[in-house]
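One structure below.
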Amino acid sequence: MTNRQIFTVLWTTQHLIRNKDDLYVLLLGLGISFSLPPDQKIPFFLITLGLWLLSAVVAYIIQCVALALKTRRMQKGFGWDAWLTSSMSGAIMLVVCLFASKFALQWFFPSMDMLIDGIRNGEGAPNHFPAMGDLLIHVLADAHRLVEQYGFWLFNGIATRFLFQRPEETDSFLFVLQILLLFTALLISYGLAGRWYRKLPSSYATAERGWIVWYGRLLERWTKNGLVRVQLRNLVRDSEQLSSDYSFFYLDFGVWMFVGFAMGATTVAMPDWAMILVFHFLVNGMARDAFYSIDSFPGKLKFDADGKASRLFRLSGQSYSQLYEAKIWTQRLLGIHIAVAGVILVTWILKGNLFFLLLAGGIVVLHFILTPHLATMPSYISPHFKRQHYTEGEEYQEQAWLDEGVFEKGRDWLTYLCLAPILVSIALEGIRVPIYVAASIAWLGIVLVVFYTITHYAKRKVTKMIDRSDIIS
């Protein structure tokens, strides 16, 4: 088999396995077709089948193009084309989140006002559920009209009009045009498929090309710690790791998403106290994602990512805590530009003042200190140094249990506690912004002290354990 055939067979198999639930859509379409008039039964099922196949073809095209671009960037480095792709994807995310937040906030704050008023007046919250439901239906109807407006000329809209025999004059032309474009894209994608199999030189993984390498050198100047410099240098030289989430070094998708939410919030009339609650929520999300870079680059930022090279610490008589701290500070340095850029953009969009910046500073400091610890601790408690590729780390069940079962809950609780002042303020139906900021910063300080004490104690215990044992296994 050729490389192209190998890729196509593997992709088809994985697509069917991962999207097996989509087959229920076909069964649903078959079931619905039986309840339609005789002249609509077969057309309806054929349209359902066609849209299912269309989604598979689009997914195949996207996968082929994405992998071809990924291979090219690993060869050429991450320059202007990577920045352009990242910016275009981020802009799409921004627009989607703008409309999503607009519709969500149009329902949320009025509903909360109804609920709180009902509780205060002794009417009971359930009495206001019908009104909240009516408001939700109204907001969803607006969202549906928007989607229908922009999807009017796409396959699904055209197919629906043909089914009910109400086609527009241009439907036939647009349908044929979209089929031709899709077929052309499929031919190009099939030509690209599998080109990277058995042809990717190992030197790509250490190529020093592109803008990200320059940024890595800039970050190296911000620290005098030699271990941190080594961690940064290893990361920016590893094109395979960078290709998994290179947008992190430009402007992470999370920032685009939260900026879109902020822009949507400006379209909804709300009091000052509600606006700072939105700001609190957005900044917390951006700061959390900024300092959780280990999720994007696990092959370099996990404690055991260096593999058997970690043996040097044992031979030199140094404590593994120094390597652990180097991983922590590397994640902190990597997240600074995202946190700062996100805070500046959201503050500017929401027309925030000094109180907004003070609140943002408290949230960023909290995540700057705690989030890297909560992300790295699972691989510190249960390290695995004998592996050929970083993706093997997904197979270590105890690490997965620690990460997803223990420390992910810790990260969730950190988020809940950070957002607790928002719930209190909503319950009080708003308080003055200076009082809210002062109370929030004090609360964040308490959360920081408690979580840092717990993580510091856990780190000391784990360090004593692994320094006394042979963990290179």
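The values are calculated or read from the model by the stated rules, or taken from the named source; none is laboratory data. These numbers come from a predicted model, not from an experiment. Glycine gets a Cβ as well: all are built from the backbone with ideal geometry, and neighbour counts include every protein chain shown.
What to note about this one:
- Restricting Val450, Val437 to residues that are closer than 15 Å to Phe279 by Cβ, at pLDDT 80 or above and of a type outside the set (Asp, Glu) narrows the list to Val437.
- Test result for Leu366, at pLDDT 85 or above, under 25 Å from Ser321 (Cβ atoms) and not β-branched (Val, Ile, Thr): yes
- For the stretch 205-252, the helices (runs of 4 or more DSSP H) that sit wholly inside it and include 1 or more residues that are at pLDDT 85 or above are 211-220, 226-237.
- Of residues in the stretch 256-309 being of a type in the set (Asp, Glu) and under 23 Å from the mean Cα position of the chain (by Cα), the one nearest to Leu333 (Cα to Cα): Asp289
- Residue in the stretch 76-92 that is surrounded by 18 or more Cβ atoms within 10 Å (Cβ to Cβ) and basic (Lys, Arg) present: no
- Scan of the stretch 268-292 for residues that are among the aromatic types (Phe, Trp, Tyr) and more than 19 Å from Gly254 (Cα to Cα), ordered by number: Trp273
- Scope the stretch 28-80; condition within 26 Å of Ile6 (Cα to Cα), free of Cβ contacts under 8 Å to residues at least 12 places away in the same chain and among the charged types (D, E, K, R); matching residues: Arg72
- Apart from one condition, Asp304 fits all of (1) more than 30 Å from Phe279 (Cα to Cα); (2) surrounded by fewer than 18 Cβ atoms within 10 Å (Cβ to Cβ); the exception is (2).
- Residue pairs whose Cβ atoms lie under 7 Å apart, sitting 6 or more positions apart in sequence or on different chains, and linking a residue in the stretch 411-424 that is in a helix (DSSP H, G or I) and surrounded by 16 or more Cβ atoms within 10 Å (Cβ to Cβ) to a partner that is at pLDDT 85 or above and among the small types (Gly, Ala, Ser), are Pro421/Ala439; Pro421/Ser440.
- Test: Met286 is surrounded by fewer than 23 Cβ atoms within 10 Å (Cβ to Cβ) and not assigned by TED's automatic domain parsing to the domain that holds Ala100: no
- Condition broken by Glu240, with the remaining ones in (1) closer than 30 Å to Ser425 by Cβ; (2) surrounded by fewer than 22 Cβ atoms within 10 Å (Cβ to Cβ) satisfied: (1)
- Of the candidates Leu345, Leu315, the single residue that is more than 15 Å from Phe249 (Cβ to Cβ) and without any contact (Cβ under 8 Å) to a residue 24 or more places away in the chain is Leu315.
- Selection status of Gly362, touching a Gly at 6+ places or on another chain (Cβ under 8 Å) and of a type in the set (Gly, Ala, Ser): yes
- Total residues in the stretch 314-355 satisfying the condition of being among the aromatic types (Phe, Trp, Tyr) and either farther than 24 Å from Pro271 by Cβ or surrounded by 22 or more Cβ atoms within 10 Å (Cβ to Cβ) (or both): the figure is 3.
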